[in-house]
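Have a look at the structure below, then the notes.
The numbers here are math on the coordinates, done by the rules we state, and not lab data. Please read all numbers here as calculations on a predicted model, not as lab measurements. Note that we place each Cβ from the backbone using ideal geometry, even for glycine, and neighbour counts take in every protein chain shown.
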Amino acid sequence: MKSVWRTLAIALLASLLLACADQRRHTRAVYLLVDTSGTYAIELEKGQHVINYLLGTLNPGDSFAVARVKSRSFSEKDIIAKVTFSKDPLQANQQKKQFKDKTLALKQQVKGGSAYTDITGGLLQAAEFLNETGAGRKTILIFSDMQEELDKQTIRNVPMNMTGIRVVAINVTKLHTDNIDPRRYQGRLAVWEKRVRDAGATEWRVVNDLEHLERMFAN
C-alpha cells in the first residue's frame, strides 16, 4: 500500500512541476536598453513612450527591466528598474505604477548624456537577466541609434550568447554622416544583425515607427 501512495505522490509532484514549467513557457521577459549617450539623450522622452506602451502590454507573471546604455554598460548598477509582475492583477497594476515612477526620473539622471556608448555591454547584461527569469519568450529592445563608441580601456571583443532571444532595435535615428551616405546607416544595421544572429538570436528586427510599437512583437 505504501508503494502505491509513493507512486501517486511522485506522479502528483511530476504533474505540478510540468504545470509550472508550462506556465513559464508562456510568460514573457523584456529587457529595454535605453541609449543615454550625448548624441541620443534628446530622444529620451520617446523612450518613456516605449516604456509606457510595454507596461500596458505585459501581463501578470511577465518580467520587465529597463537599463541605461552609457560608457560602460555591463553592470547591474545600470538597471533603472526591474520587476516580475505578480499573478494578482491588482498587485501587478501597483507594480506597474511603481515601475513607471522609477523610470520617469531617467531624463533627470542623464544630465547631458554619457561620453561613450557601450551597446555590447548592455546586451551581455540583458541576456543574463533574461535567462535568469526562465521565461519562454525573451526579448531585448534597444532604443538607440546603434552607433557604438568605446573608450580605449573597454574590451568588448567577447562572444555573446543570444540563444533563444529576439533582438529589436527601436527608433534608430540617422546620424549626420548617414544623411551624407545612406550606406553607413544600412551598413551599421547589417553589422548588428550579423552579430546578434551569429550569437544565436532567434530574430533581428528594426522598428522606427513609434506609432506602431505592436510590430515589436509581431510574428
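For Rg/Rh (Cα atoms, Kirkwood Rh), the value calculated from this model appears in (i) 1.06; (ii) 1.15; (iii) 0.96 under label (i). Between His26 and Arg183, the simple spin-label model (points 7 angstrom out along Cα→Cβ) gives 5.1 nm.
Angle of helix 119-133 to the longest C-alpha principal axis of the chain, folded into 0 to 90 degrees and rounded to 10: 10°. Ranking Tyr116, Phe74, Gln153 by Cα position along the charge dipole of the chain, where only Lys, Arg, Asp and Glu carry charges on their C-beta atoms, puts Phe74 farthest toward the positive end.
What you get for the chain, charging only the Cβ of Lys and Arg (+1) and of Asp and Glu (-1), is a dipole of about 580 debye around the Cα centre. The C-alpha atoms of the chain define a longest principal axis, and helix 44-57 lies at about 20 degrees to it.
Projected label points at Asn59 and Lys82, each 7 Å from Cα along the beta carbon direction, are separated by 2.4 nanometres. Springs join every pair of Cα atoms under 10 Å in this Gaussian network model of the chain, and among Leu104, Leu44, Leu123 the largest mean-square fluctuation is at Leu104. Label separation (Lys152 vs Lys174): 3.5 nm, computed from points 7 Å beyond Cα along the C-beta direction. Taking Cα atoms only, the orientation of helix 89-103 departs from the longest principal axis of the chain by about 20 degrees.
Each Lys and Arg contributes +1 and each Asp and Glu -1, all at the Cβ; summed about the Cα centre of segment 153-200, the dipole is approximately 40 debye.
Indicate the gyration tensor shape class of segment 28-123 (rounded, prolate or oblate), computed on the Cα atoms with a ≥ b ≥ c the square roots of the eigenvalues: a/c under 1.5 is rounded; otherwise a/b larger than b/c is prolate and the rest oblate. Note, shape of segment 28-123 comes out prolate.
Restricting to DSSP loop positions (anything but H, G, I, E, B) with no more than 15 other Cβ atoms inside 10 Å of their own Cβ, which trypsin sites (Lys or Arg not before Pro) remain in segment 68-156?
Hits after loop and neighbour filter: Lys87, Lys111, Lys152.
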